[in-house]
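This report refers to the structure that appears directly beneath it.
The values are calculated or read from the model by the stated rules, or taken from the named source; none is laboratory data. Predicted, not measured: the structure shown is a model, and the values here were computed from it. Glycine also receives a Cβ, built like all others from the backbone with ideal geometry; neighbour counts cover every protein chain displayed. The area values use the complete protein model at the heavy-atom level, side chains included, leaving out ligands, DNA and RNA. Shrake-Rupley method; radii C 1.70, N 1.55, O 1.52, S 1.80 Å.
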Amino acid sequence: MTAPITAEKQDEVHIVCELRCAPANRERVRELALRFVAPARAEPGCLYYHLHQKLDAPDTFFIIDGWANQAAVDAHAGNEHVAEVMKELRPLLIFGPSLTFSTRVSD
């Protein structure tokens, strides 16, 4: 039997953000989404931050990120850099951003 995870780990928030675009916008969406990565990784409370591209549907991207707690998520969401990139990114999307939030239940 696995031991319960610590309260600290239970406070973690993990997010999957799905973005879809038209084929003509794929490279620009990729470039813009990559602009989120380095600044997010430097934010307090960021556990990880990765951009993925779906193999069988390359016009679909996923940002998969983890944060120490909800306060870190809120600070990230309110970051001016996120808002700046979203101004350019949002008009290029045909779906999303669609956010799925989860909490950690195992190591």
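Between amide H atoms placed 1.01 Å from N, distances below 5 Å from LEU47 occur with GLY66, TRP67, ALA68, all of them 5 or more places distant or on a separate chain. Our summary of shape: the Cα atoms of the stretch 1-93 have principal axis extents of 48, 34, 17 Å, ordered from largest down, in whole angstrom.
In terms of the Cα gyration tensor, with a ≥ b ≥ c the square roots of its eigenvalues, is the stretch 40-107 rounded because a/c is under 1.5, prolate because a/b exceeds b/c, or oblate? Write out the running numbers ahead of the final one.
Details: a/c = 2.14, a/b = 1.25, b/c = 1.71.
Oblate is the answer for the stretch 40-107, as a/c is 1.5 or above yet b/c matches or exceeds a/b.
Note on the chain: with neighbouring protein chains present and a 1.4 Å probe, carbon and sulfur make up 56 percent of its accessible heavy-atom surface. Excluding ligands, DNA and RNA, the accessible surface per residue across the chain is 61 Å² with a 1.4 Å probe. Among the trypsin sites (Lys or Arg not before Pro) within the stretch 23-107, those in coil by DSSP and having at most 12 neighbouring Cβ atoms inside 10 Å are LYS54. Take the Cα of ASP74, go 7 Å toward its beta carbon, and the backbone nitrogen atoms of the stretch 84-107 under 20 Å from that spot belong to 99-104.
How would ILE64, ILE15 line up by accessible area, probe 1.4 Å, largest first? Mind dumping the intermediate values first?
Numbers: ILE64 55, ILE15 15 Å².
Result of the area sort, largest leading: ILE64, ILE15.
Using θ = phi - 60° in the Karplus curve 6.51 cos²θ - 1.76 cosθ + 1.60, the 3J(HN,Hα) couplings for the stretch 56-69 round to 8, 8, x, 8, 10, 10, 10, 9, 10, 9, x, 10, 5, 6 Hz; x is entered for Gly and Pro. Placing R0 at 22 angstrom, the Cβ-Cβ distance between GLN53 and MET86 gives a FRET efficiency of 0.70 after rounding to 0.05.
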